[in-house]
Amino acid sequence: MSNNIAIFNDYLSKGIRFDGRRLDEIREVEVTTDVSKTAEGSAHVKIGDTEVMVGVKLGLGTPYPDTPNEGALMIGAEFSPLASPDFESGPPGIESIELSRVIDRGIRESKAIDNKKLCITKGEKVWMVLVDIVPLNDDGNLLDAAGLGTIAALKTTYFPEFDGVTVDYKKKTKNKLPLTKEPIPLTIYKIGDKLFVDPAIDEADYYDARLTVTSLEDGTICALQKGGIKPLTTEQIDEMVALALKKAPEFRKKIGGKK
Amino acid sequence: MGELIAKEKEVVVPGEVIAKGMEYLPSHGTYRKDENIIANRLGILFIDGKVIKTIPVSGRYHPRRKDTIIAKVIDISMNGWRVDTNSAYSAMLSVKDATNEFIRKGEDLTRYFDIGDYLTCQIIQVTSQKLVDVTLKAPGLRKLGKGRIIEVKTHKVPRIIGKQGSMVSMIKNETKTQIVVGQNGMVWISGSQPQDEILAIKAIRLIEEQSHISGLTDRISELLKKDNKKKETKTEVKTEDKK
Amino acid sequence: MAYTKRHDNRKMDETRPIEAKVGVIKRAHGSAYFKIGDTIAYAAVYGPRELHPKFMQNPERGILRVKYNMLPFSGQGDRVRPGPNRRSKEIALVTQHALEPVLNLEDFPNSVVDVLIEFPQTDAGSRCAGICAASMALADAGITMKDLVPSIGIGRVGKQMLVDLDYYEEAYEEESVADIPLAMIPTTEEFTLLQMDGDVTKEQLKEALILGKKACHNIKKVMTTAIKQKFQEGVKKK
């Protein structure tokens, strides 16, 4: 493998990637919504050959004692062995846990969902927003694909009919989930002094550090996650954040946001 | 009288009745059930007189004696190296099959091949329990140096190599790269420039996708020439800039 | 009221519309998509590959390992808790037994063929859709198998025997309902899956098997055409 990392560095130094892309070039992105009728909202995201499906269920729950008039968000990810020969059956591994927590943080911290509007009876009954992320084919950069898919799915989530006692999941109302912002994560990878985005699976292991920058339409940063074993300097962080903000609109325009 | 139901050179699917009649004989990828010859593997149908067989169009590599493959070192033991063959079975390269050099017992074998290295080697034995042995002691077999490794569909390997190696030679010449194609679908490509390697990989991927469409050689040569031309124009522009 | 006309205007022996495709998951060695009505199954096949742990290996043949999983948002009601449960484990087992009789894994001792089946949405008949998707994915993976294994649910609503109940029919409250999922090897007309919820007479069961046979032969045609499509696309284009 040490053999291949040398080649990768050689490629990057000449400004090119294993598949001929530029360092800051994202593969073709395709977003389809309403891919699951049983979900209240859903999306299928393709970035190159990476495919991720996201489904949103709305369920009834009891509010947390400290926020009696607010609903709650829960995001889970399960890396099914369907999507890659490297995934194993069993409880969620650390990678899928990190992925779902980073996406969760972006939505939570930007207050993208108006949780007060999810309250049905104060202190007793609220709507729970339950998001599940499932990779269908892992060709690298699952996190960015999942983050985009989550927003696309939430954007197309409608409440089911509710008569005050039971939920009729067969009938969807015209009431949209109160999504007020669209936080989208984008991950910048760094190896040596080179930065690159959207690694395909054969590039995915070759980085010293990565930084996931979740941002809003106006450029506000609402979540960060540094990964990898090497530290980052202030200048490097600046540079990575700048690149992430520059590239984010490419994802955003795929879900109908402004360029 | 027998009757042929499926058409030659078309794809047949497991469970599909290919022919009716006792005069037909089932061979690779087919079986007899009463009067019928039925496919038991997805493949393209070939009929040789009364013998019916199919050639696979999918599936993983299965180790065979005398195949030359590209394998990756995954473990090192006292007596040799365990290599991944891109199949259900890993193989063993024992010290005596690796080199003519005298290697003292207990010597550090990573000096020769380390984990992660790719070797082009030959399968010398496959037991009924699928224990596989490989050797490096034949012309051309060696540890592969710096280069790209890609995986292609194994049933496309003959098309990538071409008749008497014509296809792979064309790609090598046009892209100025060195290429080794393993029977197990692993391919090693090494050039002096990333663009050359990328172009060679592009050509190989095109063969993989379109080998069943006639006029393949022309399309590959077109792809290679077109790209070379593009490169030339680019260099011209650059020289103008300098002026 | 007696159920004499189906709510979606299907004939009594008609399945819901079927869409089938192979090669939908790039990294898998074989894969398939099978949609019947509003039930969607994805199946991926990985293998034959090395089997760990070693004590599970069979020196005489490769083994088949099946995972059946409903995605958390695929149920008709509340979110389904992710991860295996008693139901999914049992269905995985009967799916394995439905497929095993057609497979020839003798050339692959000590190895495993993994079949992973996932559902993004369901509307009854998921185990049958899963078996259809899985057998297409196995064929796509180039596994030696003597036939495909089409599968369908046959049901009874009141006195009426029906092919391919959907969720509305399965949950019909005005009359009693029975559901008989089955799978068949078309070449030999042998059944490899047979289960039932509800109750039927001996005669009704016989009728169910006859209806099942006919439906399975038809589904096999759909599956066969779909598999050929992937591999003949290029030939036709030129």
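The values are calculated or read from the model by the stated rules, or taken from the named source; none is laboratory data. Just so you know, these numbers come straight off a predicted model, no measurement behind them. In this analysis, Cβ positions are derived from the backbone assuming ideal geometry, glycine residues included, and neighbour counts consider all displayed protein chains.
List of remarks:
- Residues that are touching a Lys or Arg at 6+ places or on another chain (Cβ under 7 Å) number at least 2 in the following strands (runs of 3 or more DSSP E) confined to segment A:1-95: A:29-33, A:50-61.
- Pick from segment C:25-52, criterion part of a loop (DSSP other than H, G, I, E, B) and crowded, with 20+ Cβ neighbours inside 10 Å, ranking: nearest to the chain's Cα centre (by Cα): C:Gly37
- Filter result (among the hydroxyl-bearing types (Ser, Thr, Tyr) and under 21 Å from A:Arg101 (Cβ atoms)) within segment A:152-198: A:Thr157, A:Thr187, A:Tyr189
- Test: residue in segment A:4-19 that is hydroxyl-bearing (Ser, Thr, Tyr), over 16 Å from B:Ile150 (Cβ atoms) and facing another protein chain (nearest Cβ under 9 Å): no
- Exactly one residue out of B:Thr177, B:Thr127, B:Thr154 is of a type in the set (Ser, Thr, Tyr) and farther than 28 Å from B:Arg82 by Cα: that is B:Thr177.
- Top-ranked residue of segment B:1-28 - restricted to ones that are small (Gly, Ala, Ser) and either at the interface with another protein chain (Cβ under 8 Å from one of its Cβ atoms) or touching a Leu at 6+ places or on another chain (Cβ under 7 Å) (or both), ranked as surrounded by the fewest Cβ atoms within 10 Å (Cβ to Cβ): B:Ala6
- Inter-residue pairs, beta-carbon under 8 Å, first free of Cβ contacts under 8 Å to residues at least 60 places away in the same chain and in segment C:192-221, second polar (S, T, N, Q), 6+ apart: C:Gly198/C:Ser176; C:Asp199/C:Ser176
- Across segment B:44-87, the qualifying residues are those that are hydroxyl-bearing (Ser, Thr, Tyr) and under 27 Å from B:Asp108 (Cα atoms), and the one among them that is farthest from the other protein chains (Cβ to nearest Cβ) is B:Thr68.
- Number of positions in segment B:74-88 that are out of contact with any Ser or Thr (no Cβ under 6 Å at 6 or more places or on another chain) and surrounded by fewer than 23 Cβ atoms within 10 Å (Cβ to Cβ): 6
- Put simply, of A:Ser84, A:Ser42 the only residue that is modelled with pLDDT of 95 or more, touching a Gly at 6+ places or on another chain (Cβ under 6 Å) and facing another protein chain (nearest Cβ under 10 Å) is A:Ser42.
- Comparison of C:Leu99, C:Leu116, C:Leu64, C:Leu93 shows that the only residue that is within 7 Å of chain A (Cβ to nearest Cβ) and aliphatic (A, V, I, L, M) is C:Leu116.
- Scanning segment A:133-159 for residues that are acidic (Asp, Glu) and surrounded by fewer than 24 Cβ atoms within 10 Å (Cβ to Cβ) yields one hit, A:Asp139.
- Considering C:Asp114, C:Asp78, the condition of being more than 19 Å from C:His29 (Cα to Cα) and of a type outside the set (Gly, Ala, Ser) is satisfied by C:Asp78 alone.
- Test result for C:Lys202, out of contact with any Gly (no Cβ under 8 Å at 6 or more places or on another chain) and away from chain B (no Cβ under 14 Å): yes
- Scanning segment A:108-140 for residues that are more than 14 Å from chain C (Cβ to nearest Cβ), touching a residue at least 40 places away in the same chain (Cβ under 8 Å) and within 24 Å of A:Ile97 (Cβ to Cβ) yields A:Glu109, A:Ser110, A:Lys111, A:Ala112, A:Ile113, A:Asn115.
- Annotation: of all residues in segment B:166-202 being small (Gly, Ala, Ser) and more than 14 Å from B:Arg148 (Cα to Cα), the one that is surrounded by the most Cβ atoms within 10 Å (Cβ to Cβ) is B:Ser169.
- Those residues of segment A:52-87 which are small (Gly, Ala, Ser) and within 13 Å of the chain's Cα centre (by Cα), in sequence order: A:Gly55, A:Gly76, A:Ala77
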